[in-house]
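Where a number appears in this text, it was derived from the coordinates with a stated rule and is not lab data. Treat the numbers as computed from the prediction; the structure is a model and nothing was measured. Here the Cβ positions follow ideal geometry from the backbone for every residue, glycine too, while neighbour counts run over all protein chains shown.
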Ligand code: OXD
Ligand code: MN
């Protein structure tokens, strides 16, 4: 089949590559995506006709749709994710490795003719603001109309991407649903070729190649080589009652509350404060000429977890997803509106995420899949930062590490230095969530929330973080937060959600040198008084419990981090070894640990 190219303006290298791939995949037809409304509508129409999508209630959820995945394909497949470099040592023990030649040979065989009878969509996409020096172009080739429609929301598709491309080059992505065969599922990354190949999954994190594959795994390698950072981080502006906004980033593992924090609506008792969203999942961070870290959001949409979002806990998200949204694996009520656990009262009649009738108290499992998602344009968000599209990004004053820890980690604390903060991030351990296939609730090392997303040796990644110290005297302060600490009764101690702004306020005030803290062996912890605020319904005893630093459990934590660091071998930075020893000494010297 001769390749038809839409109009002029498509560069020869793009044409040549699309032609070569189409000769292997052998699609029946090829569609060049332009990112238009019409194209989106036509993709949706086709998917409603073949049952890939169900149209939702037009009055209550205009232009919204439900997609149900194959039950074997509902989360990221970490065991099927590979980094393909010549040298195995370069990917380190936290990644799966395959030799590039072996991966090419294996995939070539599996891809051969896999699009016969299907359409191949060519999706040129831009990540980042149209006129930013930090933005990047990718082209994804896929036989999934679901992927094409989602990419239309998640990125800037079409001419804007081709124009940016000029001669800067592009990331190549090849994706096929294949037969959704989990035993032949592969998500392979080739950093040296700026190439991604993904087969046998249609799940967002495996199939929307702009997201984890390009924006994090490949971009992290580019960041290492070019002196910047690609991070699994939210970015928000926090406005105080004087109207001053400071920007912070937050690295939290998947499904640990990043979107909720990004889209926080201030509680009634914090008049004058607000939170402005820049990014809910990914940040590309560069040093500017004045030595400040600045972040852009490469994405244009959200592919976020639905369960536990409700009008009560997060009214701004609920407002945002009420139109032009694709829901994946949520439950469906009889009036054709979506439902998920934690949304509130469940309707009398429900179909679960697989389309089976579901009755509360009788049916097994949850109605919505725990990793059910919504895909929505970020422009629908009512409190989007006016700086979202700033080509230079926003200046970062604080970096926050976080995640689910039912014990040990205080509600919030601040590191003593950049190096100590890097150690804090490197020691991050969290309970696994439904965002990745496998057991949920297992504690694992997830340094900087990048365990599944760092495209190179994690010890080299720590070295890269440390290298910023010699490049700038204006680096952000580093904090860790934990809103998931539990009391002896197994209940969360902290009310979370909008109340998290109390914690953000403390961080802002620390950055401004306006609030006192207690020096403990692990870092600066708030005084109970500094967190007390009229309207926050929590006793001083509970606040003290939330801030408690327990020497014994911290010593155990350090030992297990030590073992993890040992497993990383000789590349593990000496500076972090020293930081860990210093932390150990501080704990040992302290009698109880709280305060020092
Ligand atoms: C995500 C993830 O989908 O981290 O954002 O898994
Ligand atoms: Mn994520």
- Message: Taking a ≥ b ≥ c as the square roots of the Cα gyration tensor eigenvalues, with a/c under 1.5 meaning rounded and otherwise prolate when a/b beats b/c, else oblate, which class fits the chain?
- Response: prolate
- Got the relative contact order for the stretch 398-540 handy, in percent, Cα pairs under 8 Å and 6 or more residues apart? 32 percent
- Message: Quick check: the distance between the Cα centres of the stretch 151-172 and the stretch 513-547, to the nearest angstrom?
- Response: 47 Å
- Extension gain from residue 79 to residue 386, taking 0.36 nm per residue of separation minus the Cα-Cα distance: 106.6 nm
- Given labels modelled 7 Å from the Cα in the Cβ direction, how far is it in nm from residue 444 to residue 577? 2.7 nm
- Message: Looking only at the chain, where both bridge partners belong to it, what percent of the DSSP beta bridges are antiparallel (to the nearest 5)?
- Response: 65 percent
- Taking a label point 7 Å from the Cα of residue 163 along Cα-to-Cβ, the residues of the stretch 115-132 whose backbone nitrogen sits under 15 Å from it are 125-132
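Between residue 45 and residue 349, what is the FRET efficiency for a Förster distance of 41 Å, r being their Cβ-Cβ separation, to the nearest 0.05?
The computed FRET efficiency comes out at 0.90.
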- Message: Only counting other Cβ atoms within 10 Å, I'd like 280, 550 sorted with the fewest neighbours first.
- Response: 550, 280
- Query: Of all DSSP beta bridges in the stretch 152-257, what percent run antiparallel (nearest 5)?
  - Reply: 70 percent
- Item | Residue order, fewest to most beta carbons within 10 Å, for 464, 379 | 379, 464
- Specify whether the C-alpha gyration tensor of the stretch 387-517 places it in the rounded, prolate or oblate class, a ≥ b ≥ c being the square roots of the eigenvalues: rounded for a/c under 1.5, otherwise prolate if a/b is larger than b/c and oblate if not. oblate
- Please give the length that would be gained between residue 559 and residue 55 if that part of the chain were fully extended, namely 0.36 nm times their separation in residues minus their C-alpha to C-alpha distance (nm, one decimal). 176.2 nm
- Semi-axis lengths (Å, descending) of the ellipsoid that matches the C-alpha gyration tensor of the stretch 302-380: 21, 12, 11
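Could you state, as a whole-number percent, how many of the C-alpha pairs of the stretch 288-422 are farther apart than 23 Å?
Everything past 23 Å amounts to 53 percent.
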- Query: For the residue pair residue 514 and residue 359, what label-to-label distance in nm results when each label sits 7 Å from Cα along the Cα-to-beta-carbon direction?
  - Reply: 5.7 nm
- Rounded if a/c is under 1.5, else prolate if a/b beats b/c, else oblate: with a ≥ b ≥ c from the C-alpha gyration tensor eigenvalues square-rooted, which is the stretch 173-250? oblate
- Does anyone have the angle between helix 500-511 and the longest principal axis of the chain? Alpha-carbon axes, 0 to 90°, nearest 10? 70 degrees
- Message: At a threshold of 8 angstrom on Cα-Cα distance, excluding pairs fewer than six apart, so keeping six or more, what relative contact order does the chain reach in percent?
- Response: 14 percent
- The alpha-carbon center of the stretch 319-397 and that of the stretch 467-507 are separated, in whole Å, by 26 Å
- Could you sort 447-453, 437-443 so that the peptide with the highest average Cβ count within 10 Å comes first and the rest follow in order? 447-453, 437-443
- Item | Burial ordering of 462, 40, fewest other beta-carbon atoms within 10 Å first | 40, 462
- Item | Near-label residues of the stretch 101-136 by backbone N, under 15 Å of a point 7 Å along Cα→Cβ of residue 86 | 101-102
- For the pair residue 566 and residue 23, what calculated FRET efficiency results from E = 1/(1 + (r/R0)^6), where r is the Cβ-Cβ distance and R0 = 51 Å, to the nearest 0.05? 0.60
